[in-house]
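Read through the structure below, which is laid out as structure tokens, and then see the notes.
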Amino acid sequence: MQEEEHPYAPIDPSNLSAVVIQAKSLLIRRYPPKTETEGGLVLPERAQKERAVAWVVKGEAKVGGKAPEPGDTIVCPMHALERLPEVGDDFYMIRAEDVSILYPQPKEFE
């Protein structure tokens with residue numbers, strides 16, 4: 001049986017400059033979650049943290065009066081993430097109002 005072709009072109013995560021983000025949202029890339037304990041036990045998805053840590057990829061929305069820049073780090077609740085499999089397994093959309101913590105990237109690391 002042949003696979004059906006998608007009616008849209010896949011999004012290239014290496015070139016997101018042309019992507020337009022809704023005014024109150026951010027495109028983020030989640031840090032890889034911890035999947036095993038120090039002793040080597042594998043953690044099921046439901047046992048992983050309730051909060052996600054991620055990098056800001058793109059967006060114009062303001063968080064606490066500041067517009068996040070690409071590379072800034074955010075912390076947010078897991079339930080607020082909207083997965084974007086069209087871009088990649090670790091890319092998500094989040095509403096700016098759901099961001100708990102914004103940590104701007106230090107200028108010396110740019």
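Bear in mind that the values in this text are calculations on the coordinates, not laboratory data. Values in this document were obtained by computation on a predicted structure and should not be read as measured data. Cβ: placed from backbone, ideal geometry, glycine included. Neighbour counts: every protein chain shown.
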Highest first, please rank the peptides 95-101, 68-74, 25-31 by the mean number of other Cβ atoms sitting within 10 Å of their residues. 25-31, 68-74, 95-101
Distance in nm between pseudo-label sites at Y31 and T73 (7 Å out along the Cβ direction from Cα): 0.5 nm
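If you rank E82, E38 by fewest surrounding Cβ atoms within 10 Å, what's the result?
Numbers: E82 10, E38 6.
Fewest-to-most ranking of E82, E38: E38, E82.
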